[in-house]
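See below for the structure under consideration.
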Amino acid sequence: MFDIQRRYRSVARSRGFRIPAGYDDLMPHFDAAAAALSARDPGTVPCNNDLLAANFIDDGDRIWLIDYELSGNNDACFELGNIAAESHLPEDALAALVTAYYGRPRRSRIARARLLGLVGMYGWTLWGAIQNAASPIDFDFWSWAMERFEGAAHGFTAGDFATLLEGVQRDD
């Protein structure tokens, strides 16, 4: 998401697309997240990278994942954090999701997933801003983008943001 966000920002800036007021003011938080997350390399796994609720289909027997347009190898915690952010899961549900994925509680991975969920919301904000300006689809992309921006802004400025930055660097 760090590279994608920069590409999206470049597109939005070069084409004069509207972005949320205060978006650039949060860039230091985004960069702090990048620095903290780079302290430990957990490796990558195959990921959908776009697991919003609409991309899960429950047919009554199994759950199917769809829409692999953005798929590729990524940090598993991005996938988990993005699921939580897009589905508005509370922190305890994200913790349960991360625990189920890793087979045991991992505080550093829970912090990593939370932080990557914020990073995702910040980046997806620009995707929505670009779609708002360029897409022929009749959908309120601006409101979609603002929902993500407000979530990212809240998380980046919350009192426990510094704790997340520290938590992702721990080894448990």
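Just so you know, all these numbers are worked out from the coordinates, no wet-lab data involved. From a predicted model like this one, the values you see are computed outputs, not experimental measurements. Heads up, the Cβs are rebuilt from the backbone with ideal geometry, glycines too, and the neighbour counts pull from every protein chain shown.
Suppose every Lys and Arg Cβ carries +1 and every Asp and Glu Cβ carries -1, with no other charges. What dipole size does segment 1-69 come out with about its Cα centre, to the nearest 20 debye?
On the way: 8 positive and 11 negative charges, 102 e Å.
Magnitude of the dipole: close to 500 debye.
I need the phi-derived Karplus couplings for segment 30-46: 6.51 cos²θ - 1.76 cosθ + 1.60, θ = phi - 60°, integer Hz, Gly and Pro marked x.
4, 5, 5, 5, 4, 5, 5, 5, 6, 5, 10, 9, x, x, 10, 9, x
Put +1 on the Cβ of every Lys and Arg and -1 on every Asp and Glu Cβ in segment 1-91; which of PRO90, VAL11, ASN49 then has its Cα farthest towards the positive end of the dipole?
Checking the options against the dipole of segment 1-91, the answer is VAL11.
To the nearest µm²/s, what D does Stokes-Einstein give for segment 125-168 at 37 °C and 0.692 mPa s, using the Kirkwood radius over alpha carbon pairs as Rh? Write down the numbers at each step before the final one.
Details: Rh = 11.7 Å.
Diffusion coefficient, whole number: 280 µm²/s.
Please give the Cα centre distance for segment 1-79 versus segment 98-143, rounded to the nearest Å.
5 Å
What is the dipole size for the chain, taken about its Cα centre, with +1 at each Lys and Arg Cβ and -1 at each Asp and Glu Cβ, in debye to the nearest 20?
Approximately 540 debye in magnitude.
Take the Cα gyration tensor of segment 1-99, multiply each eigenvalue by 5, square-root it, and list the three semi-axes largest first, rounded to whole angstrom.
27, 18, 14
Two decimals, Cα atoms only, Kirkwood Rh: what is Rg/Rh over the chain? Write out the running numbers ahead of the final one.
On the way: Rg = 15.9 Å, Rh = 16.6 Å.
On the Cα set of the chain, Rg over Rh gives 0.96.
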